[in-house]
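The next block holds one structure in the form of structure tokens; read it before the comments.
Where a number appears in this text, it was derived from the coordinates with a stated rule and is not lab data. Source: prediction; values computed, not measured. So basically every Cβ, Gly included, is an ideal-geometry build from the backbone, and we count neighbours across all protein chains shown.
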Amino acid sequence: MKLDIKLSGVGGQGILSIATVIGQAALTEGLYLKQAEVHGMSQRGGDVQSDLRLSTEPIYSDLIARGGVDLLISMEPMEALRYSNWLTPDGVIITSSKPLVNIPNYPDQASLLAELDALPKVIRVDIEQMALEAEVPKSANMILLGLAAPHFPLLSADDLRDAIRSIFARKGEAIIEANLRAFNIGLHYSTNK
Amino acid sequence: MLGDEAIALGALYAGISGVYAYPGTPSTEITEYIQLSPQGRSGAVHSRWCTNEKTAMETALGMSFAGKRALVCMKHVGMNVCADPFINSASTGVRGGVVVLAADDPSMHSSQNEQDSRFYGKFALIPFFEPSNQQEAFDMMASAYDLSEELELPVLMRTVTRLAHSRAAVTPGEMRSQNVLNPETETSNWNLLPINARRRYKVLISKQPEIAARAEASPYNWLEPGPEGGLGVIACGNAYNYVKEAAPQGISLLKVSQYPLPAALVRKLAEHCSSILVVEDGQPFVEEQVPALLGAGYKVEGRLTGRLPRVGELSPDNVAAAFGIAAKTTFPPSENISPRPPQFCQGCGHRDVFTVLHKIYEEHPEGRVFGDVGCYTLGSLPPYKALDSCLDMGSAITLAKGAADAGLRPVLTVIGDSTFTHSGMTGLLDAANENSPITVIISDNLATGMTGGQESAGTHKYEAICLALGVEREHLHRVVPLPKNIDEIEAIIRREMEYEGLSVIIAERECMQTLARKMRAKNAKK
């Protein structure tokens, strides 16, 4: 059994932290894992993406083939659309619905969201608003992970919570708590909607 | 762990006493991992950054001379900077094992070219490795150090972005202790006067059959035979992964991860098959060599014949296409997307420098601003559009001087602090010796910013360096690039542009990334 995940967003939004948490959980559960990241210049406010592959069998390629993405997790709606043609027919998109406009030629937002909504399996939520309301403004990425959590057949919510504790351990108890709270908000939304 | 981290851990387990490196994507995380390891923190393994790749290579060789194992790390273009000591170290030979790690960047995710470091291995006539995955990267470090000491030669290891920056689980082996200090090295071998150099070059040539035999018998090279008369595939390094996932049934596969190219294995594959496809990331290094082994009549395909793209990195898709398999896409590409290039961080001091330069540039379209390699290269993009060149590390001042020698006016240049000490200082000495009419801006953010804010070799020394190199006191300025100081900076630049001689303006303000990191660390402690 395998799950091929693509994460996308804008440099600085925290997609690598999402990938690191999922990766940690997968390793603890003894799954095979490959996770290709983008470092360097592209992290400065440009588009970033990461391929994350989890499997019960050995994996060779670090990258996912076009048309092979089971789950697309995005911190930004246009960055979700950028990879929509990588999805499998049953592929699911889980994305923030709030555009991050840091370029002069950002596309028309209404038609962008309309195109996104026309895809078969899309969950789009204003996670930034949720993060503000819950007073965890820096942890919108963990809300997104919480939203995605029910879509990991190979990992439980507790596996991911343990990974959050371990990944953020160095940053102090307050940061761990904020991230766990954000994760639970996302998970709760996803399972109760 | 990352491929880079697997390499670092492999080196620690192989008993290195030092890592010598200059930051460069995608190699930076190797040295950072060693710096944060217990051995790095305690100082048991030297791990401080070097000024450039040449100082790194030479210092590592010094450690080897004294009997200990050393690692040298860099991005592929760093090989050009250290090429002189690198090539000559094959003649001197090594005492303690030396592994030179070059991280190539096919597709130029964060680079100026996609040169393939395997050519350097062949050029230097030494053994070289190319791991296919993170576990192999770890395992190979021990093999590479043992081989280096056995053959008394430096060993090159080449990796690519997709391995360097991809994570997978790695199981470590046994930790080897460090070598003891052993200064009883034959000094005439290291003294490449022509009389010694000729003798040492013959020694290097005499080792070639043994180097080739090691590649033929390498545990990292193997043949996976399929049915006779079918397609033979040579997959180099990480190309092996894409082939394993994409290739149809019925092919024969030769995996190559240790070089020189194992000729006997290639011939064996060729005899078993009817044609060969070479799948390799980077340039067609193996594809060029295979026809010479098999004769012109044997069909060999790859990047040169168009079966794979001539440029850019390999992907699961272009490797599948080489086997005639089209991608199974369901949804069409979206039309509601725009490119999103990287940009300066909010509050970055480079922004203030380019705000001024943009204004001056608009008034002086006849002038030019020569740039260099760093975050500030983004000053060439909108909205600033005030940078005309980015050739290689340290080139800003020398390009500017040449253009000024030719009569171009006004000539400005922007160079970062770390790039300046990497290889800009020598050019400034040239310019000072002739009092060249150029205005140099050292945009100093107290860090090597683009690679993540590593320490910069010359922090707080730039004024002293410029004076020592011969820049005149009255034409050397220090400013703080902040929006409130823009008028002052503009006035200084305008005044110095009028001066028919060399001037330097040091614009000093800390990188926003390193500043934010310090704030976070402070808050976590509370």
- Query: Using the Cα gyration tensor of chain A, with a ≥ b ≥ c the square roots of its eigenvalues, what is the shape: rounded (a/c below 1.5), prolate (a/b larger than b/c) or oblate (neither)?
  - Reply: rounded
- Over its Cα atoms, what ratio of radius of gyration to 2.2 N^0.38 Å does the protein assembly as shown give? 1.00
- Task: Report the GluC sites (Glu not before Pro) located in segment B:271-357 that are in a DSSP loop and have at most 14 other Cβ atoms inside 10 Å of their Cβ, or state none.
- Result: B:Glu335
- Measuring from the longest principal axis of the C-alpha atoms of chain B, the long axis of helix B:395-405 (C-alpha) lies at a number of degrees, nearest 10, equal to 60 degrees
- Query: Going through segment A:105-164, which GluC sites (Glu not before Pro) have at most 13 other Cβ atoms within 10 Å and a DSSP loop state?
  - Reply: A:Glu135
- Any chance you could get the radius of gyration and Dmax over the Cα atoms of segment B:223-322, in Å? 12.0, 32
- Is the shape of chain B rounded, prolate or oblate, going by the alpha carbon gyration tensor and its root eigenvalues a ≥ b ≥ c, with a/c under 1.5 for rounded and a/b larger than b/c for prolate? prolate
- Note on the structure: Note: B:340-347 gets an average of partner chain Cβ contacts (10 Å, Cβ to Cβ) equal to 6
- For helix B:349-363, report the angle its Cα long axis makes with the longest principal axis of the Cα atoms of chain B; keep it between 0 and 90° and round to the nearest 10°. 70 degrees
- In segment B:144-177, trypsin sites (Lys or Arg not before Pro) in a DSSP loop with at most 16 other beta-carbon atoms within 10 Å: B:Arg176
- Task: Return, for the Cα atoms of segment B:349-514, the radius of gyration and Dmax in Å, separated by a comma.
- Result: 14.0, 40
- Message: Given R₀ = 45 Å, what would the calculated FRET efficiency be for B:Arg48 paired with A:Glu133, taking r from the Cβ atoms and rounding to 0.05?
- Response: 0.45
- Message: Please compute, over every Cα-Cα pair in segment B:3-206, the percentage with a separation greater than 23 angstrom.
- Response: 37 percent
- Query: When all alpha-carbon pairs of segment A:19-84 are counted, what percent fall beyond 18 Å?
  - Reply: 43 percent
- Query: By its C-alpha gyration tensor, with a ≥ b ≥ c as the square roots of the eigenvalues, how is segment B:299-396 shaped: rounded for a/c under 1.5, else prolate for a/b larger than b/c, else oblate?
  - Reply: prolate
- Task: Just the number, please: percent antiparallel of the DSSP beta bridges in chain B, rounded to the nearest 5.
- Result: 10 percent
- Message: Rounding to the nearest 10 and keeping the result within 0 to 90°, find how far the Cα-based axis of helix B:83-92 lies from the longest principal axis of chain B.
- Response: 50 degrees
